[in-house]
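Everything on this sheet refers to the single structure shown next.
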Amino acid sequence: MRVVHYLNQFFGGLGGEEKAAVALDARAGAVGPGKLLEQLLGSDAEVVMTLICGDNYAVENQPSMIAAAAEKVREAQADIFVAGPCFLAGRYGVAAGALCCAVQEKLGIPVITGMAQENPGADIYRERLYIIDSGDNAAKMREVLAKMANLARKLMRKEVIGFPKEEGYIARGLIRDQFVEKNSGRRLVEMVLAKVQGKPFESEMLPTAFAPIPMPPGVKDLKRAKLMLITDGGLVPKGNPDKIQGSAATRWGSYKIKDCADLKGEDYEISHGGYDPQFVRQDPDRLLPLDVMRELEREGAIGELCDEFISTSGLANPLSNTRRMGREMAKRAKQLGIDAIILTST
């Protein structure tokens, strides 16, 4: 069994964030956790090539990186492709998921990866891939790789793949036909009775859960408040300096507007699919109402407008990823002493 393994700069042994911009590199044999993976796959398996790429480079150059990596996998005549495990590393997970999909579709060989359920890559690719639930603890590398190796062997042998709990992969949200003793009505009634009686039960359809968010106290005096503008409409300076993706964005940017009272179309662009941005290109204030906020500031209706705004793209963004970016934005707002935020969307 010829295996090609994909790692980011950290697990590939290159370093941390200081090496996140490293371009794709192919190395013969197993590297780092790939050596353990090779052992767990069995004596008939060999990691013939390890692909290593920096997280920033992977997401900022995704089309070209994936094309180059897929070609390396083809040249290696791999029987199976393994990426990760990525644990909670979001950029790593997104790149690994995209690469697995490309290899699976273009080369027709089995692929397997591993991520935490909160990794944005899991939300994006869970329906298309088998993703072993790695949890967020990299100390469990052996345990996670063992599950990946076990499922990889089954995929290679084209054996029947069991349910998520049996195999350890993240639920894909797919419905399988199955013969059961009780029909759906009886199962539903039994679940309802168990729930009202406080007994354990397991739902057959798990909806997305949203934790309750308490309403924050209102601003007591807007005339003394410092406000900030945030948008998920993808408004960025020309050239998109932070390389914010137009879909499933993994990053956000903060941009200075000090001494600016009117946004000019020639200074900005839109990194966001799914809506017609022509009117925002003509006048960015239609998305980010800086002109109106400056008027309110001059009139004394608000105390102060923050001299920077935050922007990202909200299109097709996994819930786990938006939660993470939201926490980061909130942290920045607290650092700047913001009292209230106006969030605009498309």
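The values are calculated or read from the model by the stated rules, or taken from the named source; none is laboratory data. Only a predicted model underlies this, so the values are computations on that prediction, with no experimental measurement involved. Don't worry about glycine lacking a Cβ; one is built from the backbone with ideal geometry, like all the others, and counts go over all protein chains shown. Only protein heavy atoms, including side chains, enter the accessible area calculation; ligands, DNA and RNA are left aside. Shrake-Rupley method; radii C 1.70, N 1.55, O 1.52, S 1.80 Å.
Among the residues of the range 17-33, just one is surrounded by 15 or more Cβ atoms within 10 Å (Cβ to Cβ), out of contact with any helix residue (DSSP H, G or I) (no Cβ under 9 Å at 6 or more places or on another chain) and among the small types (Gly, Ala, Ser), namely 32. Within the range 304-327, the set of residues being in a loop (DSSP other than H, G, I, E, B), modelled with pLDDT of 95 or more and open to solvent by 50 Å² or more (accessible area, probe 1.4 Å) comprises 307 only. Among the residues of the range 64-89, those that are touching a residue at least 60 places away in the same chain (Cβ under 8 Å), of a type in the set (A, V, I, L, M) and either farther than 16 Å from residue 2 by Cα or assigned to a helix (DSSP H, G or I) (or both) comprise 69, 73, 89.
Answer yes if at least one residue in the range 203-217 is among the charged types (D, E, K, R), more than 30 Å from residue 312 (Cβ to Cβ) and without any contact (Cβ under 8 Å) to a residue 40 or more places away in the chain, and no otherwise. Within the range 203-217 (the criterion being among the charged types (D, E, K, R), more than 30 Å from residue 312 (Cβ to Cβ) and without any contact (Cβ under 8 Å) to a residue 40 or more places away in the chain), the answer is yes, since at least one residue qualifies. Within the range 171-219, if we keep just the residues that are closer than 26 Å to residue 147 by Cβ and of a type in the set (Ser, Thr, Tyr), the residue that is surrounded by the most Cβ atoms within 10 Å (Cβ to Cβ) turns out to be 203. Within the range 259-269, not a single residue is under 21 Å from residue 327 (Cα atoms) and not aromatic (Phe, Trp, Tyr).
Give the residues of the range 115-170 that are β-branched (Val, Ile, Thr), open to solvent by 50 Å² or more (accessible area, probe 1.4 Å) and more than 30 Å from residue 327 (Cβ to Cβ), sorted by residue number.
Listed by number, the list holds a single entry, 160.
Could you say which residue among 57, 6, 92 is within 21 Å of residue 136 (Cβ to Cβ) and in a helix (DSSP H, G or I)? The conditions single out 92.
Per-residue answers, yes or no, for (1) among the β-branched types (Val, Ile, Thr); (2) touching a Phe, Trp or Tyr at 6+ places or on another chain (Cβ under 9 Å); (3) at pLDDT below 95; (4) not in a loop (DSSP other than H, G, I, E, B):
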{"position": "242", "(1), (2), (3), (4)": "no, yes, yes, no"}
{"position": "247", "(1), (2), (3), (4)": "no, no, yes, no"}
{"position": "254", "(1), (2), (3), (4)": "no, yes, no, yes"}
{"position": "260", "(1), (2), (3), (4)": "no, no, no, no"}
{"position": "269", "(1), (2), (3), (4)": "no, no, no, yes"}
{"position": "273", "(1), (2), (3), (4)": "no, no, yes, no"}
{"position": "288", "(1), (2), (3), (4)": "no, yes, no, no"}
{"position": "302", "(1), (2), (3), (4)": "yes, no, no, no"}
